[in-house]
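The values are calculated or read from the model by the stated rules, or taken from the named source; none is laboratory data. Just so it is clear, the model here is predicted, and its values are computed rather than measured. Every residue, glycine among them, receives a Cβ derived from its backbone with ideal geometry; neighbour counts consider all protein chains shown. The protein model used for the area step is the full one, side chains on, heavy atoms only, and it has no ligands, DNA or RNA in it. Shrake-Rupley method; radii C 1.70, N 1.55, O 1.52, S 1.80 Å.
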Amino acid sequence: MNETIALSGVPETMLQTIYARAKESRTRGAIRDKKAEEIIDQLDYDFSLADRDTAMHSGVIARTIVLDRLVKGYLAEHSGTVVVNIACGLDTRCYRMTNFSHWYNLDLPQTIAVREKLLPETGVISQIAMSAMDNWGGAIQESNVPALIIIEGLTMYLTEAEVQRIFAVIAGRFHRATVLVETMNPLVVRNFKEKSIEGSSAKFTWGVKDGKALAALLTDFHCTEEHSLTEGLAEFVPAYKVLGKLPFVSNLSNKIIVLEKRECYV
């Protein structure tokens, strides 16, 4: 018997994104996500809007490609890393990665309740049922280890103050931390709508131009690099191998910004 999932607003968007990954995995194959395929087969949910939303689908697959590459690269170079996946939804990246010491998936209690039904986890993968703005640092068991924080598909639904609060929680908990955060251009926030996201009553509310502008809002972090999602699009839409080199195109696309916590000496 399939699970009927009742969600609304931003939490509902996790169903759209896992569907996009499952569909891609089963068809064109720019990514392979067998766990997403398994989950979709268990759900009783109308995915018709997501099926027609090619912009959402392409964006989800592009960011999955870029983030998978960045996370895999970081873990290969930093043994014993603790990973915190903020606003994880039904993300399945923890099953595609190795070389971490502990992976924490963090999201709102209603989301984690759904996740625990569909993706029960034990051992080196844990669930934290809290808001990204809560002081969740106390739920992290490890100390004095490298920390990698992933913030995917969240900031565009927040306010500037809420984004700053999340980074304050990270800075207060970890001595060393690298953050991979997805951001949206303010022009896109104001003018672009995704059909399936609008159908869930979630709204884009915040964006930032680039990594330098984001770092200027944060006391304890500096930007080390940034990646346009056109890098991921180029993997399955060949035209983006050329279009992605055009600043206008790459700057309008969502970005994955890499930030490092500044070392503090007392």
Practice problem: Express the Stokes-Einstein translational diffusion coefficient of the stretch 28-171 in µm² s⁻¹, to the nearest whole number, given a Kirkwood radius over alpha-carbon pairs, 37 °C and a viscosity of 0.692 mPa s. | Solution: 201 µm²/s
Practice problem: Could you tell me the accessible area of Leu108 in Å² (1.4 Å probe, neighbours in place), rounded to the nearest ten? | Solution: 70 Å²
Quiz item: Assuming a viscosity of 0.890 mPa s and a temperature of 25 °C, what translational diffusion coefficient in µm² per second does Stokes-Einstein assign to the stretch 113-266, Rh being the Kirkwood radius over Cα pairs?
Solution: 142 µm²/s
Quiz item: Considering only protein heavy atoms, what per residue accessible area in square angstrom results for the stretch 34-75 with a 1.4 angstrom probe?
Solution: 42 Å²
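I'd like to check one number: the per residue accessible area of the stretch 85-161, probe 1.4 Å, reported in Å² as a whole number.
Working: 2880 Å² over 77 residues.
Value returned for the stretch 85-161: 37 Å² of accessible area per residue.
Where nothing but the Cβ of Lys and Arg (+1) and of Asp and Glu (-1) is charged, how large is the charge dipole of the stretch 97-171 around its Cα centre, in debye to the nearest 20? Show your work: numbers first, answer last.
Working: 3 positive and 8 negative charges, 19 e Å.
It comes to approximately 100 debye.
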Quiz item: Where both partners of a DSSP beta bridge lie in the chain, what percent of those bridges are antiparallel, to the nearest 5?
Solution: 35 percent
Practice problem: Rank Ala168, His222, Phe100 by how far each Cα sits towards the positive end of the charge dipole of the chain (+1 on Lys, Arg Cβ; -1 on Asp, Glu Cβ) and give me just the farthest. | Solution: His222
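Please report, as a whole percent, how much of the solvent-accessible surface of the chain comes from carbon and sulfur atoms (probe radius 1.4 Å).
Ligands and nucleic acids excluded, carbon and sulfur reach 53 percent.
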Practice problem: Normalise the Debye intensity by I(0) for the chain, one equal point scatterer per Cα, no solvent, then take log10 at q = 0.07, 0.14, 0.16 Å⁻¹ and round to two decimals. | Solution: -0.22, -0.98, -1.34
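If you count the DSSP beta bridges with both ends in the stretch 126-266, what percent of them are antiparallel, to the nearest 5?
Around 70 percent of the beta bridges assigned by DSSP in the stretch 126-266 are antiparallel ones.
Would you mind putting 88-94, 98-104 in packing order, based on average other-beta-carbon counts within 10 Å, highest first? Show your work: numbers first, answer last.
Numbers: 88-94: 23.4, 98-104: 17.3.
Packing proxy ranking, top to bottom: 88-94, 98-104.
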Exercise. Percent of Cα-Cα pairs per 10 Å bin, from 0 to the last occupied bin, for the stretch 69-138, please list those.
Key: 20, 52, 27, 1
Quiz item: From the square roots a ≥ b ≥ c of the eigenvalues of the alpha-carbon gyration tensor of the stretch 114-200, which class results: rounded (a/c under 1.5), prolate (a/b over b/c), or oblate?
Solution: oblate
Quiz item: Given +1 on the Cβ of Lys and Arg, -1 on the Cβ of Asp and Glu, and no further charges, what dipole in debye does the chain carry about its Cα centre, rounded to the nearest 20?
Solution: 600 debye
Quiz item: Rank Glu225, Glu142, Glu24 by accessible area, highest first, at a 1.4 Å probe radius?
Solution: Glu225, Glu142, Glu24
Quiz item: Can you flag which of Lys212/Lys255; Lys34/Lys203; Lys34/Lys117; Lys209/Lys255 are past 20 Å Cα-Cα?
Solution: Lys34/Lys203
Practice problem: Just name one of Ala132, Leu118, Leu246: the one whose Cα is farthest towards the positive end of the charge dipole of the chain (beta-carbon charges, Lys/Arg +1, Asp/Glu -1). | Solution: Leu246
